[in-house]
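Rule-based calculations on the coordinates, nothing more; no lab input. What you are looking at is a predicted structure, and each value in this text was computed from that prediction instead of being measured. Positions of Cβ are generated from backbone atoms using ideal geometry, with glycine treated the same way; all protein chains shown enter the neighbour counts.
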Amino acid sequence: MSGVNLRYVASSGRAYNLKDRTLRARSKTNFHKWEWGINSVSLQYGNRVSAFTRQAAVYEAELSLFGTSESRLKRLEELHNDFELDVRNMTPGRLYWNDYYINCYVTKSSTEPDDSNVVVNNTVSFYCPHPFWVKEEKIVLSASEVSGGGFLDFEYDFPYDFTAPVMGERNVASDFPFASEFRMVIYGAAVNPRITVNGYPYVLYTTIAQGSYAVIDSKTKTVIMYGSGGVKTNIFDYRNKSDSIFEKIPPGNLNIAWDASFGVDLTIFRERSEPGFEEV
């Protein structure tokens, strides 16, 4: 784990660097192990596979605490309280490996001093219900104040709109090979906002007022509007019903188009069975 930024962030917000001089995860801890389960039917020769499944991931880690007796006991108390708080509140903490994270609970712990009596070893189990490591990629699509050109401009007013719509386009290079969950935040003012990714439409048939925003979350399958006064409204029924608004973001390069009169933040959750091998 040389050169790796490894840390645990509890639901309390307290962060623990697991590679500093007073608290260190032993190198034998393996965060790059994974296994798919197999649903299959036995045949005369071999098996017929019907599905692959995943159980929760469990990582056994030995944490070594250094320092004075007083500082070690204080750190152990902090770790215990945060581990217990996560479980009792059913709110996971997060393990981070560089830019990747996985939600987890510490469900088992055993503490004892080593033979020198100057180090305390705390062996813990990180239980990860969703067994995938996530790296978030955020794409900011800004609103533009420039109206489209090439349309007619008359000297007198007409009861029609001859102005070209403002259009935005963004190409995003990616070699990620899997479809990904996402969170899309659409900022008002916007009327019937439409965003396409590689031609696939994500559409809401509603008005998002200035100062308000709508959040489409493919993981939770929710569409929520947040008003400027803090009012939260379920607008699930205002989604486009012809094409699923929760369709995963496709793998590979992306072409994104939207009416650039409004802004969008698109966060893509790149999930892998193990964190990337890059070092920092």
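Run the numbers on the chain and let me know its relative contact order in percent, using alpha-carbon pairs under 8 Å that are six or more apart.
Over the chain, the number comes to 20 percent.
What is region 180-280 by shape, rounded, prolate or oblate, if you read a ≥ b ≥ c off the alpha carbon gyration tensor as root eigenvalues and call it rounded for a/c under 1.5, prolate for a/b larger than b/c, and oblate otherwise?
prolate
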Quiz prompt | 0 to 90° range, to nearest 10: angle between helix 69-89 axis and the chain longest Cα axis | solution = 50
Quiz item: Here are some values of P(r) over Cα pairs in 10 Å bins from 0, in percent: (i) 6, 21, 23, 21, 16, 8, 3, 1, 0, 0; (ii) 6, 23, 27, 17, 10, 8, 5, 2, 1, 0, 0; (iii) 7, 33, 41, 18, 1. Which one was computed from this structure?
Solution: (i)
Quiz item: Scanning the chain for trypsin sites (Lys or Arg not before Pro) in DSSP loops with at most 14 other Cβ atoms within 10 Å, what's the longest stretch left with none?
Solution: 55-218
Quiz item: Between Ser125 and Asn198, what FRET efficiency follows from the Cβ-Cβ distance if R0 is 45 Å, with the result rounded to 0.05?
Solution: 0.65
Exercise. Give the calculated FRET efficiency between Asn255 and Asn47 to the nearest 0.05, with a Förster radius of 51 Å applied to their Cβ-Cβ distance.
Key: 0.80
Practice problem: For Glu62 and Lys28, compute 0.36 nm times the residue count separating them, minus their Cα-Cα distance, and round to one decimal in nm. | Solution: 11.4 nm
Quiz item: Between region 199-275 and region 2-31, how many Å separate their Cα centres?
Solution: 34
Quiz item: Which of the GluC sites (Glu not before Pro) found in region 22-113 are loop residues per DSSP with 16 or fewer other Cβ atoms within 10 Å of their Cβ?
Solution: Glu35
Quiz item: Which value in deg cm²/dmol, rounded to the nearest 500, describes the helix-derived mean residue ellipticity at 222 nm for the chain, given -39,500 (n - 2.57) per DSSP H run of n ≥ 4 and division by the residue count?
Solution: -2500 deg cm²/dmol
Quiz item: Nearest 20 debye, what's the magnitude of the dipole of region 6-131 about its Cα centre given +1 on Lys and Arg Cβ and -1 on Asp and Glu Cβ?
Solution: 380
Quiz prompt | region 183-280: chymotrypsin sites (Phe, Trp or Tyr not before Pro) falling in loop per DSSP and having at most 12 other Cβ within 10 Å | solution = Phe277
